[in-house]
Every structure is written in C-alpha cells, then in structure tokens.
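To start, the structure under review is shown below, and the notes come after it.
The values are calculated or read from the model by the stated rules, or taken from the named source; none is laboratory data. All of these numbers come straight from a predicted model, not from anything done at the bench. When we count neighbours, we look across all protein chains shown, and the Cβ atoms used for this are built from the backbone with ideal geometry, even at glycine.
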Amino acid sequence: MNDINDLIKLGAKHIIIVNQPSFQSYPAIVGSNISPYLNQLTLAHNSNLSNVIQSLQLNFSNVSLELFDVYSLLTNILMNSSTYGINSTKNCWDTSNHTCIQMCSSPDTYIFIDEYHFTTRVHQRIADNARILLVTSKGTIKAP
C-alpha cells in the first residue's frame with residue numbers, strides 16, 4: 001500500500017496492481033508439505049490486496065486503480081490447460097541443481113519451462129490479458 005500511495009503522491013493517475021499467482025501449482029512446490037500453506041498465504045494476500053485497492057479507490061477517486069488478477073488467469077490456464085493447447089502442467093525442462101539436464105522439444109505445450117518459470121506461451125497469454133485490461137480500463141489508454 002505504501003508503494004501505491006507513493007505513486008499517487010508522485011502524480012500517477014492510472015495504476016495496475018498485479019496479485020499473486022497460485023504458487024502451489026509450481027512444479028517445485030507440487031506435492032510438498034508447504035503447498036497448503038502457500039495457498040493460504042496467497043489467498044490471504046490477494047484478499048488483503050483487493051481490500052486495499054478498494055480503500056485507496058475511495059480515498060483517491062481521481063486515480064484509476066485496476067487489479068490485474070493473474071491468480072485467476074493462471075488458475076484457469078492450469079485447470080483448463082487443454083483449452084489453451086497445453087498438454088502438461090509439469091515442467092518442460094529436466095533440471096537439477098539449477099542446471100538444465102534435458103530440454104523438451106515442444107515447450108509451447110507446457111505451462112512451466114522449469115520448476116519456477118512459465119513458458120513463452122503462458123507469458124504471452126499473461127501479456128494479452130494485461131493488454132485487454134489496459135484497453136478496457138477506466139483509464140485513457142486506447143487500442144492501437
């Protein structure tokens with residue numbers, strides 16, 4: 001919240017705030033004993049963030065605050081991966097000690113390139129959705 005307040009004090013009129021994705025679905029986390037705790041922390045953080053945005057919007061009605069809900073977007077991709085042409089929710093590359101041991105031949109059919117990072121295809125989907133938010137938001141950004 002402090003960072004958002006600072007941006008507003010500096011004159012920002014259009015701010016997009018991104019919530020946290022579901023870390024429990026990351027290959028490095030799946031099946032671990034911390035997965036449920038990460039989910040609880042993420043949900044609590046995202047709920048608190050939404051409340052903060054609503055509060056700030058009431059106090060700064062002349063500022064456009066938009067939440068980019070990356071949590072829901074990525075959850076949707078994970079739950080409906082075949083709709084997006086994705087065949088695997090596992091990591092594409094086989095890695096050990098942060099070293100790529102084996103690359104896969106079709107990274108576009110995966111969500112994760114390694115245990116922590118999304119593939120280019122998923123990054124493009126995130127960017128496409130961010131652009132839609134920018135174009136359709138209350139701000140003055142217009143489609144090209």
(request) Only residues that are over 15 Å from the mean Cα position of the chain (by Cα), modelled with pLDDT of 65 or more and assigned to a strand (DSSP E or B): list them for region 60-93, please. (result) Ser64, Leu65, Thr89, Lys90
(request) Please state which of the following conditions Arg131 fails to meet, knowing it meets all the rest: (1) at pLDDT 75 or above; (2) crowded, with 16+ Cβ neighbours inside 10 Å. (result) (2)
(request) Give the residues of region 56-75 that are surrounded by 12 or more Cβ atoms within 10 Å (Cβ to Cβ) and either free of Cβ contacts under 8 Å to residues at least 40 places away in the same chain or not aliphatic (A, V, I, L, M) (or both), sorted by residue number. (result) Gln57, Phe60, Ser64, Glu66, Phe68, Asp69, Tyr71, Ser72, Thr75
(request) Name, by its number, the condition in (1) surrounded by 17 or more Cβ atoms within 10 Å (Cβ to Cβ); (2) at pLDDT 90 or above; (3) not in a loop (DSSP other than H, G, I, E, B) that does not hold for Tyr37. (result) (1)
(message) On the basis of being modelled with pLDDT of 85 or more, in a loop (DSSP other than H, G, I, E, B) and not charged (D, E, K, R), does Gln20 make the cut?
(response) yes
